[in-house]
Every structure is written in structure tokens, then in C-alpha cells.
1. With the other protein chains left in place, how much accessible area per residue, in square angstrom, belongs to segment 16-139 at a 1.4 angstrom probe?
2. Would you tell me the accessible area of Lys75, worked out with a 1.4 angstrom probe on the heavy atoms of the protein chains, in Å² to the nearest 10?
3. Provide, as a two-decimal number, the C-alpha radius of gyration of segment 65-106 over 2.2 N^0.38 Å, N being how many residues it has.
4. Would segment 16-139 count as rounded, prolate or oblate if I go by the C-alpha gyration tensor, calling it rounded below 1.5 in a/c and otherwise prolate when a/b exceeds b/c, oblate otherwise?
5. For segment 72-139, state the average projected area of the convex hull of the C-alpha atoms over all orientations, rounded to one decimal in nm².
6. Dipole magnitude of segment 16-139 about its Cα centre, charges +1 at Lys/Arg Cβ and -1 at Asp/Glu Cβ only, in debye to the nearest 20?
7. Probe 1.4 Å, all protein chains in place: accessible area of Ile116 in Å², nearest 10?
8. Could you estimate the translational diffusion coefficient of segment 31-79 from the Stokes-Einstein equation, with Rh from the Kirkwood formula over C-alpha pairs, at 37 °C and 0.692 mPa s, in whole µm²/s?
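The values are calculated or read from the model by the stated rules, or taken from the named source; none is laboratory data. Given the structure is predicted, the values throughout are model-derived calculations rather than measurements. Virtual Cβ from ideal backbone geometry, glycine too; neighbours counted across all protein chains shown. With ligands, DNA and RNA removed, areas are computed over all heavy atoms of the protein, side chains included. Shrake-Rupley method; radii C 1.70, N 1.55, O 1.52, S 1.80 Å.
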Amino acid sequence: HLQVKLTQQAFHNTSMQQSPHTKVFVQRDFSDGLSVKFQTRYPTELEGRVDKATYEITINTINDMFADAESIGTKTCFESCFACLTAYTSLLCMDTLYEKTLKKVRRYTEEQNHAIYMSRGVMLIDPAERGLRILEINIYSIETQQR
């Protein structure tokens, strides 16, 4: 985890100093209500860098993670009841299902950046860093990758 974070930071710092970059913002999809879901429309700025299928798999996986976290199930009910019975002090020593999902999404975006996106001059920014309002995608100049 630390190595991926350091690699991303080095990539980000090097790219920022050496070349201009483009930011693409994937907006939230409110067609199904207020749940966290990002639009799956393929940004034209990614053409020639990331194929449409790979991009859609990434976005759909992130959307599925948030859908699971926001669904009402036995885990959520138990977690809420247990928190209430302990005057919410239990939340001081354990992560909620939603907090676990935020960490899972962060790990997933880091893994995707390391495995797919960074080698193509693209970097996904964890949606939690932008308040779950947007999914930011930074696209760096090709020259950066050749230096």
C-alpha cells in the first residue's frame, strides 16, 4: 500500500513539474436517486490511452462497491443496533460498513492506477478526496512517459 502511494506521489510530482495535464471530471449519476453512483459515459479525453471496456469495468466496479455499502441488509441493521445499544461508543473502536467501503474504493483505485492507468499517463483520484461529488481523472502528457 505504501509503495503504491509513493509511486503515485512520485508520478504526480514528476508529471506536474514536467508537463501540463488535463483533468476530466466524471459526474455523479442521480438517475437512481441520491446514492453514490458515477456516470459510465466514456470521456473522449481517454481515447488512445484507455479502452472503453476497461474504463467501464473500473467505473462499474466502483459503483457496485457503493451500491453494496448503501444497501440495507443484516450487517447494516446489526451495526446500527449495536451502535445504538453501546451509545455509539462502539464506533470509536470499529469501522462502519461504509467506512470499510471507502477504504476498499481507495485501495481499488490505487490498484487500478498501478496496474493499468499510470503506465498510460492517466491517474484516477479517490472519489472520497473530492467529497464523493466527482471522480477526477488526471491525464498527463505522453512526453512525461518517455522521459
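1. Details: 7200 Å² over 124 residues.
Per residue, segment 16-139 has 58 Å² of solvent-accessible surface.
2. 150 Å²
3. On the way: Rg = 10.7 Å, N = 42, 2.2 N^0.38 = 9.1 Å.
Rg over 2.2 N^0.38 Å, computed on Cα atoms: 1.17.
4. The shape class here is prolate.
5. Details: hull surface 23.3 nm².
Mean projected area of the Cα convex hull: 5.8 nm².
6. Details: 15 positive and 17 negative charges, 35 e Å.
For segment 16-139, the charge dipole is close to 160 debye.
7. Probe radius 1.4 Å; accessible area of Ile116 about 40 Å².
8. Numbers: Rh = 12.6 Å.
After rounding, the answer is 261 µm²/s.
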